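Here is the structure we will look at.
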Amino acid sequence: MLILGSHVNFGSDQILGSTKQALSYGANTFMFYTGAPQNTIRKALEAKYTQEAIKLMTENGIDINKVICHAPYIINLANKDNLEAWNFSCEFLKKEVKRVEELGVKYIVVHPGNFLKQEVNVALANIAEALNKILAFDTKAMILLETMAGKGTECGRNMEEIKYILDRVNLSDKVGVCLDTCHLNDSGIDISKFDEYLDAFNELIGLEKIKCIHVNDSKNECGSHKDRHANIGFGTIGFENLIKVIYNPKLENIPKILETPWVEDVAPYKVEIAMIKNKTFNPNMMEELPKEKNLSGQ
Ligand code: FE
Ligand code: FE
Ligand code: ZN
């Protein structure tokens, strides 16, 4: 079954707003931050919104087990040179995991971190240590390490680095992987040969570890290490290659999440989701975006 959605806001009515927004895009899943992605200020969750959201999901065929949370990207689990900041990142992610569990959501995507001035392997081991601090036997949520573009000193820019972390995690059934097509492309993976990548991934890590796919086109060439997302079919990866990823039989039932850029303050997701469902690229997509602006804000 195709499980397709996009990044949505977590507004004043929290996950209820996210759910409504996802449904307005014709999605059957979604991804949200539990607050602003660039800071760690978080409001307490309100049970009434969560309950209403779960009801709305059930009524509309959204499986909450396929809904994705994304941790804020400012936390850095890799750098222990600044021990205070590292401890803060660990504590904060632990709290985020709790929030996700409170919402009834299973997966939380995390950027592995930046190695900065450390040796890469030291940084990767730090990430594993952080995960070991955060995860407990009774943790119900699963942390998904995202594959990164290799911009600056990003960790997780190839599957070997992801494996290096996974190998050092004690509760390994509580850590999975999120593939991001833009990041893969920018890290040097040719998405037109995606099956070869999957075979190699299966050999090294195992396909069962993949729990989420971020589907994005890229503004830059393969191997550019840039990380700038483009709308589906408007980048260097191209519509057909992305369709092959989305409909890859090996990745069936894995949620696919669009993180493509808004176009002049308008969310592109309704139109992109329609294109993907029809398997037909619409080169006039930008002109056909709904004119009313999304006012729910972030
Ligand atoms: Fe991400
Ligand atoms: Fe991503
Ligand atoms: Zn990205």
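The values are calculated or read from the model by the stated rules, or taken from the named source; none is laboratory data. This one's a predicted model, so the numbers in the text were calculated from it and none came from an experiment. Don't worry about glycine lacking a Cβ; one is built from the backbone with ideal geometry, like all the others, and counts go over all protein chains shown. The accessibility values were calculated without ligands, DNA or RNA, using every heavy atom of the protein model including side chains. Shrake-Rupley method; radii C 1.70, N 1.55, O 1.52, S 1.80 Å.
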Checklist entry - Taking only pairs six or more apart or across chains, which ones have beta-carbon atoms under 9 Å, a first residue in segment 47-69 that is more than 22 Å from residue 258 (Cα to Cα), and a second residue that is surrounded by fewer than 16 Cβ atoms within 10 Å (Cβ to Cβ) and not small (Gly, Ala, Ser)? => result 47/102; 50/102
Item to check | Residue list for segment 175-215, restricted to those being open to solvent by 10 Å² or more (accessible area, probe 1.4 Å), within 22 Å of residue 65 (Cα to Cα) and away from ligand 2 (no atom under 16 Å from the Cβ) | outcome: 207, 208, 209
Next on the checklist: Any residue at all in segment 38-46 that's among the hydrophobic types (A, V, I, L, M, F, W, C) and either within 20 Å of residue 144 (Cα to Cα) or touching a strand residue (DSSP E or B) at 6+ places or on another chain (Cβ under 8 Å) (or both)?
Outcome noted: no
Item to check | Tabulated pairs, segment 175-186, first more than 10 Å from ligand 3 (Cβ to nearest atom), second among the small types (Gly, Ala, Ser), C-beta under 7 angstrom, 6+ apart or interchain | outcome: 185/218
Next on the checklist: Can you list residue pairs whose Cβ atoms sit under 8 Å apart, with the first residue in segment 112-137 being surrounded by fewer than 23 Cβ atoms within 10 Å (Cβ to Cβ) and the second being of a type in the set (Asp, Glu) and part of a helix (DSSP H, G or I)? Count only pairs 6 or more apart in sequence or on different chains.
Outcome noted: 120/161
Checklist entry - In segment 34-74, what count of residues is obtained for those that are in contact with an Asp or Glu (Cβ under 9 Å, 6 or more places away or on another chain), within 16 Å of ligand 3 (Cβ to nearest atom) and at pLDDT below 95? => result 1
Checklist outcome for this item: Of the conditions (1) open to solvent by 30 Å² or more (accessible area, probe 1.4 Å); (2) within 16 Å of ligand 3 (Cβ to nearest atom); (3) modelled with pLDDT of 95 or more, the single one that residue 31 does not satisfy is (1)
Checklist outcome for this item: Pairs returned, first residue in segment 255-274 that is of a type in the set (Asp, Glu), second residue that is at pLDDT 95 or above, beta-carbon separation under 7 angstrom, 6 or more apart or interchain, are 259/7; 259/214; 259/216; 259/229; 272/231; 272/232; 272/258; 272/260
Next on the checklist: Can you confirm whether residue 226 is without any contact (Cβ under 8 Å) to a residue 12 or more places away in the chain, of a type outside the set (Asp, Glu), open to solvent by 40 Å² or more (accessible area, probe 1.4 Å) and more than 29 Å from residue 64 (Cα to Cα)?
Outcome noted: no
Checklist outcome for this item: Picked from segment 146-160 (must be touching a helix residue (DSSP H, G or I) at 6+ places or on another chain (Cβ under 6 Å) and within 16 Å of ligand 1 (Cβ to nearest atom)), the residue nearest to residue 120 (Cα to Cα) is 155
Checklist outcome for this item: By residue number, the members of segment 130-174 that are away from ligand 2 (no atom under 16 Å from the Cβ), under 18 Å from residue 89 (Cα atoms) and of a type in the set (A, V, I, L, M, F, W, C) are 130, 131, 134, 135, 136, 141, 142, 165, 169
Checklist outcome for this item: residue 136 vs (1) closer than 21 Å to residue 242 by Cβ; (2) aliphatic (A, V, I, L, M); (3) more than 16 Å from ligand 1 (Cβ to nearest atom): all pass except (1)
Item to check | Filter result (of a type outside the set (Lys, Arg), part of a helix (DSSP H, G or I) and open to solvent by 10 Å² or more (accessible area, probe 1.4 Å)) within segment 240-251 | outcome: 240, 241, 243, 249
Next on the checklist: Looking only at residues that are under 16 Å from the mean Cα position of the chain (by Cα) and more than 16 Å from residue 184 (Cα to Cα) in segment 252-272, which one is surrounded by the fewest Cβ atoms within 10 Å (Cβ to Cβ)?
Outcome noted: 253
